[in-house]
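The structure under discussion appears below in the form of structure tokens.
Values in this text are rule-based calculations from the coordinates and carry no lab data. The model shown is predicted, which means the values in this text are computed figures rather than measured ones. Every residue, glycine as well, gets a Cβ built from its backbone with ideal geometry; the counts of neighbours run over all protein chains shown.
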Amino acid sequence: MFSERVQSLLSQMSFAEKVGQLRQCGPSLVGAFEVPFGELLDMMFDGRISEAEFGRLMATSSQDYREDEIRAGLIGSFNGVGNRETALRLQKLAVEESPHRIPLLFGYDIIHGFRTVTPIPLAESCAWDQELWQRTACMAACEGRSAGIHLTFAPMVDVAKDARWGRVSEGAGEDTLLQALHGAAKVRGFQGDSLNRPDTLAACVKHFAAYGAPEAGKDYNRVDMSPQRLYEEYLPPYEACIEAGARAIMPAFNEINGVPCSSSPRLLRSLLREEWGFTGVTVSDANAIAELVNHGVAADKAAAAYLALQAGMDIDMTSESYHEELVGLAVTDPVTARLLDEAAGRVLALKEELGLFANPYLVPEQSEADILLSAENRALAREAAQKSIVLLKNDDGILPLAKGARVALLGELGADRGEMTGAWAIGGRGDDCVSLLDAMQEEEPDVRYCSGIMEEVQDLASIDEAIQETDVVILALGEMKNQSGEAASRADITLPALQIERFRYVKAQGKKVVVVLFNGRPLAIPELAAEADAIVEAWHLGVEAGHALADVLFGRVNPSAKLTTTFPSSTGQCPIYYAHTSTGRPGGRSKFTSKYLDTPLEPLYCFGHGLSYTTYRYANLQAAQQGNDILVSVDIENTGDRDGEEIVQVYVRQLTAARTRPVKKLADFTKLFIAAGVQKRCNFVIPAEKLGYYDEELNFVVEAGEYRIFAGTSVENVLATDIELQI
Ligand code: BGC
């Protein structure tokens, strides 16, 4: 099954060298501080040291790349080396000095841009734009390769329905179809048409599987769900990425129904390789193999290494379980030896596919400095940010701001460049970012600004001074970037009391308030929804955040993005998502229906919601079956006075089925440019197969019968018509 080169290498390599190919190390830090790196990170996150102090400690320490072990052929890959000079230097050691001259593979988390940081994936998903998703991945790949990287640990396609989970920020939201399309577009963008090029990266789709469904929204927590639900709602995005050609996949930290993904042959062999035909490499999540001991399915590291290898885990990211234990096991156990050959062979095959044997130093001709943050890349980051901004509320058309309006900006998040990168941008730098204040100052150098919204350092007098004689106050509210992302689950997703207090204070001064919300997850913001004049959802938009926001606020860009995740009215509603099944007692006015006593049934902002500076009217929805397809068409008229782009959404409900079905499920969508005053007819062809589901025995079935087809501007704002599907 492997090429001659790979087979020949395997026949010459020792067990230790084969295990080396499965060993992925992170640079370890040595030097000025004595605490381990993980502890140092913890100290920064829990506030014992500041971010600046952390940076200083990092800068005064040096990185240890275990060069002797590279020379001995005992390391196959690295995670986290993000610069060309170091990567090429280490590569030279491997290629010129290790016994079999096997090149190293460099992996890195390039989640939403490398140096040119683009919007967090949750934000960018709101563009509903596959071509954009692909282009930003393509740019990230080129930047990453220029820094000597070969493999990115992305895309993350974990369907996420619980806003408490901090990692909702890293994927495309709650919908299975959107996650699948977003993930596949990213894979195409990263990998291009060949990996053997100086501007593409291999994609490692993650976290397989259902990492986005931890109990209570708590990161790393158990996942317990029916196989039907797993197959229908959670697995398709991973499969779509494999179909798009992803060459690597990362098993998730979590267990599913009692079996940790890292030791599940059912997932990693039967499903992934046998059913889906995946031939690439599996890469464990960081330290996950050793964590099988914590899960309680392995007594020690040796048992963990054995379990993971037999399950089908190829690369051990940083746990050193394989390095410490596998040689001993392989010597005495022929099965382990055979599995080791298979796993090492797959890693070598990936290196071959990346062209590393022929040219281990392949990087773009231009220098890193010419590629990273080029004007062209910045322009794309700005476009992506513009297309990710969701206008949640806009009373009386207060936005775009009138020409000559006297405006003040309040709030640290409006000025803090470092906060614009979002939680997963390790190649990014705060200094590269344009804040909203920067962008506003470019237009009006004397624009008024005041902090004191996130922290109680400013007295109210400074706020009074900043807002006096202004017509509109732009209030930057939300979450700091480290409040979302990994290990950042929250049990309360409302805004802190001080932010609400400040908001109410400014409102009480009789000002119009436009809230610009920075956050990595949906927030429960009923106060703002009720009282703000406008709410602009800015997420974490990357290096061009400020420019893109100013473009929208001042009307140079007409916002078109729509939510890919439901905004709850309160934390207690979590998990809340649109594609739920109906209960026997759907929520209603009667007491004995499915609802809460103390919080509304409805979300604050529904899936698919997003306003524009123009308005659209939907009419004439028609649906008919043609062969195995359902043809849907609808008229959309731009009834306002601005050109705009509308994201037209089609949902389906099977009215009666053998199992309960979602009350609505996204079947298709398109983004349509419609000039002011113009009407367009929009046509969709939906294969009947998209309406199927998994029955009791886990067979995929498409049933004849009545279906309701919806088309509209959000999941709640739709037209509907019924069809009778014949099979
Ligand atoms: C995360 C992964 C990431 C890995 C390597 C882990 O903690 O779960 O998403 O790819 O670290 O940095």
message: Can you show me the helix-derived [θ] at 222 nm for the chain, built from DSSP H runs with n ≥ 4 at -39,500 (n - 2.57) apiece and divided by the number of residues, rounded to the nearest 500.
response: -8500 deg cm²/dmol
Area projected by the alpha carbon convex hull of region 375-429, averaged over all directions, nm²: 5.9
statement: Checked region 618-657 with the C-alpha gyration tensor, a ≥ b ≥ c its square-rooted eigenvalues, rounded below a/c of 1.5, otherwise prolate if a/b is larger than b/c and oblate if not; verdict prolate
query: Tell me, what is the FRET efficiency for A302 and S28 to the nearest 0.05, using R0 = 25 angstrom and their Cβ-Cβ distance as r?
result: 0.65
task: Summarise the long-distance tail of P(r) for region 386-512 by giving the % of C-alpha pairs beyond 25 Å.
output: 29
field: Cα gyration tensor, region 516-598 - rounded (a/c under 1.5), prolate or oblate
entry: prolate
query: What's the long-distance tail for the chain, i.e. % of Cα pairs beyond 42 Å?
result: 29
task: May I ask you to sort L41, L413, L104 by Cβ crowding, counting other Cβ atoms within 10 Å and putting the fewest first?
output: L41, L104, L413
field: S226, S590, S374 arranged by Cβ crowding within 10 Å, fewest neighbours leading
entry: S590, S226, S374
statement: Given backbone amide H placed at 1.01 Å from N, residues whose amide H is under 5 Å from that of D109, ignoring those fewer than 5 places away on the same chain, are G80, F153
task: Just report the Cα centroid separation between region 315-350 and region 673-727, whole Å.
output: 48
query: If you add up the charges near E706, with Lys and Arg at +1 and Asp and Glu at -1, over every other residue whose beta carbon is less than 9 angstrom from its beta carbon, what do you get?
result: -1
query: Ranking R23, R589 by Cβ neighbours within 10 Å, fewest first, what do you get?
result: R589, R23
query: Taking R0 as 51 Å, what's the FRET efficiency between K591 and F700 from their Cβ-Cβ distance, rounded to 0.05?
result: 0.85
query: Cα gyration tensor of region 525-675, axes a ≥ b ≥ c as square roots of the eigenvalues: rounded (a/c below 1.5), prolate (a/b > b/c) or oblate?
result: oblate
task: Distance between Cα centroids, region 464-495 to region 111-158: provide it in whole Å.
output: 26
message: Quick check on packing: order 170-179, 85-94, 111-120 by the mean number of other C-beta atoms within 10 Å, highest mean leading.
response: 111-120, 170-179, 85-94
- request: Treating the Cα atoms of region 615-727 as identical point scatterers in vacuum, please give the log10 of the normalised Debye intensity I(q)/I(0) at q = 0.17, 0.21, 0.23 Å⁻¹, two decimals.
  value: -0.78, -1.07, -1.23
query: Once phi is turned into ³J(HN,Hα) by the Karplus curve 6.51 cos²θ - 1.76 cosθ + 1.60 with θ = phi - 60°, what whole-Hz value does each residue of region 355-370 show in order, with x for glycine and proline?
result: x, 6, 5, 6, 9, x, 9, 5, 9, x, 5, 5, 6, 4, 4, 6
- request: First measure r as the distance between the Cβ atoms of A619 and S62, then evaluate 1/(1 + (r/R0)^6) with R0 = 45 Å and state the FRET efficiency to the nearest 0.05.
  value: 0.10
- line: Stretched fully, the stretch from S14 through Q310 gains (0.36 nm per residue minus C-alpha distance, one decimal, in nm) 104.6 nm
statement: Cα-based Rg then Dmax for region 1-154, in Å, read 18.6, 55
